[in-house]
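Report on one structure; see the data block that follows.
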Amino acid sequence: MLQPFSWMVLAGRLALFYLPFIVVGLLTGEVLLLLLVATGVLLFWHYNNQKKLADWLWHDRSMIPPSGKGSWEIVFNGIYKMQKRNRVRRKELANVIRRFREGAEALPDAAVVYKTDGSIIWCNRLAEAILGFRWPEDSGQHIGNLIRTPVFIEYMQGRDFSEPLEIVSPVDAEKLLELRIMPYTSGQNMLVARDVTLIRQLESMRRNFVSSVSHELRTPLTVLKGYLEMLEDVPDANQGMMGKAHHVMAEQTTRMDSLVEQLLTLSRIEATPDVSLDERVDVPAMLNIIEAEAVALSGDKQHGFSFNIATELFACGDSDQLRSAISNLVYNAVYYTPAEGNIVVSWQPCREGAEFYVQDDGPGIAPEHLSRLTERFYRVDKARSRETGGSGLGLSIVKHALSHHQSELLIDSEPNQGSRFGFVLPSQFVSTD
Ligand code: ADP
């Protein structure tokens, strides 16, 4: 084991080196000259070792540094040890990278790592298959040169990756891909692409199925309703047991009719996600009609209504969808607020665009239900909902209609404190002229 560098050892070595020169100097009476010669020899030795080190660092490719004596031995050996340590570390690092790559290859998704300036650093094999990238040929290429879809370029330039993006695969027009981008390390992002063709196909099949079934149910229901209405005029059919049966049948047919209507509305809304901004929607006029209907619906319950409507505030978007959203919220307040309760409806401009809300002092909703209210067929109190004829589809319709207008349903409710259902329409969907 070599002695580490120490001033004591160095001083000892220097003394040993100079001693013979001093002795000879004393004997010959030329101490100064011999000290000078000794220093010259020492300097030459140091420069020679320094040169050996420089030659090795710059030209020699071997792992082992030059050998040296004295203080240089410690330096050379130190460098050798450092080299060895670095080699081990490099090996470990290479292993980590290999393991990462194997892991990334095992992913069921295409993964691409790129610098924030867009140049590709690495991609896995699935990225080659579904995005058409080539590895390693495409290393350093700009990602926008390989995925040329305009929506993708726009998405990349927008730099808001909180929502995924769906595009058609650049290599297969039949395939739909869902892209997600997330920060990877500083200055790098990771793009993950997933094939969602099958999921979208299944969703579309489900939508078509619900829509077809609802359509098919309409005709038998109309026939049933027609005959039940006819029976109302037959005196015998409205008495005793028959009368009761007739009443229940009429009630259930109406329920089923409204359920089919709601299913059709939901299908229609789901099928038209792209709303046109060209259509101006006269929300104040719409709310006038809804107010009259709400008063009629309230009937004997004598709710106190207050409609605060900005009469000049129009919307841009799909009038059917907005009517469905607004009317469902208002009718729900009427259905669920007990007699003589108060209902406030507001449509006013706000900083982000326009705000709509319906506030009631009804029973309110317990917190555990709030996040599930917009699920299809979800009802807080099934028995009560049945009484009101509710199907659990209303808020689902609202959610879909609003999402097509880049808005979302905001629910604020506490048991026994009433409820507030509302949404904010972003400014591009609002028109004031
Ligand atoms: P439904 O057709 O049953 O009314 P919705 O989807 O419209 O279905 O509403 C889901 C559930 O949310 C309802 O069953 C009801 O329990 C609750 N809800 C909706 N609006 C209100 C309200 N204003 N006050 C209290 N509960 C409400």
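The values are calculated or read from the model by the stated rules, or taken from the named source; none is laboratory data. As the structure is a prediction and not an experimental result, all values here were calculated from the model. Glycine also receives a Cβ, built like all others from the backbone with ideal geometry; neighbour counts cover every protein chain displayed. Note: areas computed on protein heavy atoms with side chains; ligands, DNA, RNA excluded. Shrake-Rupley method; radii C 1.70, N 1.55, O 1.52, S 1.80 Å.
Overview of values
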| quantity | calculated |
| --- | --- |
| Residue list for region 386-401, restricted to those being surrounded by 14 or more Cβ atoms within 10 Å (Cβ to Cβ) and in a loop (DSSP other than H, G, I, E, B) | Gly390, Ser391, Gly392, Leu393 |
| For Ile365: the one exception among (1) open to solvent by 20 Å² or more (accessible area, probe 1.4 Å); (2) under 30 Å from Thr432 (Cβ atoms); (3) touching a residue at least 24 places away in the same chain (Cβ under 8 Å) | (2) |
| Single condition Arg379 does not satisfy, out of (1) assigned to a helix (DSSP H, G or I); (2) within 11 Å of the ligand (Cβ to nearest atom) | (1) |
| Some residue of region 260-270 being surrounded by fewer than 16 Cβ atoms within 10 Å (Cβ to Cβ) and within 16 Å of the ligand (Cβ to nearest atom) | yes |
| Selected residue (only one of Gly40, Gly68, Gly103, Gly25 is part of a helix (DSSP H, G or I), closer than 20 Å to Leu10 by Cα and open to solvent by less than 100 Å² (accessible area, probe 1.4 Å)) | Gly40 |
| Sole exception among (1) away from the ligand (no atom under 11 Å from the Cβ); (2) open to solvent by less than 10 Å² (accessible area, probe 1.4 Å) for His404, by number | (2) |
| Residue within region 131-146 that is more than 20 Å from the chain's Cα centre (by Cα) and hydroxyl-bearing (Ser, Thr, Tyr) present | yes |
| Those residues of region 157-166 which are surrounded by 16 or more Cβ atoms within 10 Å (Cβ to Cβ) and either at pLDDT below 90 or within 15 Å of Asp109 (Cα to Cα) (or both), in sequence order | Leu165 |
| Any chance Leu297 is more than 8 Å from the ligand (Cβ to nearest atom), at pLDDT below 95, in a helix (DSSP H, G or I) and over 23 Å from Pro415 (Cβ atoms) | yes |
| Residues of region 414-430 classified as over 14 Å from Trp347 (Cβ atoms) and buried (at least 20 other Cβ atoms within 10 Å of the Cβ), total | 2 |
| Any chance Leu393 is out of contact with any Ser or Thr (no Cβ under 6 Å at 6 or more places or on another chain) and within 9 Å of the ligand (Cβ to nearest atom) | yes |
| Verdict on Val358 being farther than 17 Å from Pro415 by Cβ, more than 8 Å from the ligand (Cβ to nearest atom) and not in a loop (DSSP other than H, G, I, E, B) | no |
| Top-ranked residue of region 292-335 - restricted to ones that are out of contact with any Ser or Thr (no Cβ under 7 Å at 6 or more places or on another chain) and of a type in the set (Ser, Thr, Tyr), ranked as surrounded by the most Cβ atoms within 10 Å (Cβ to Cβ) | Ser298 |
| Search result, residues across region 300-343 that are closer than 26 Å to Asp433 by Cα, assigned to a strand (DSSP E or B) and more than 29 Å from the chain's Cα centre (by Cα) | Ser306, Phe307, Asn308, Ile309, Phe314 |
| Filter result for Glu352 (away from the ligand (no atom under 16 Å from the Cβ) and exposed (fewer than 13 other Cβ atoms within 10 Å of the Cβ)) | yes |
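Per-residue answers, yes or no, for (1) free of Cβ contacts under 8 Å to residues at least 24 places away in the same chain; (2) among the charged types (D, E, K, R):
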position	(1), (2)
Glu261	yes, yes
Leu266	no, no
Leu277	no, no
Glu293	no, yes
Ser298	no, no
Leu313	no, no
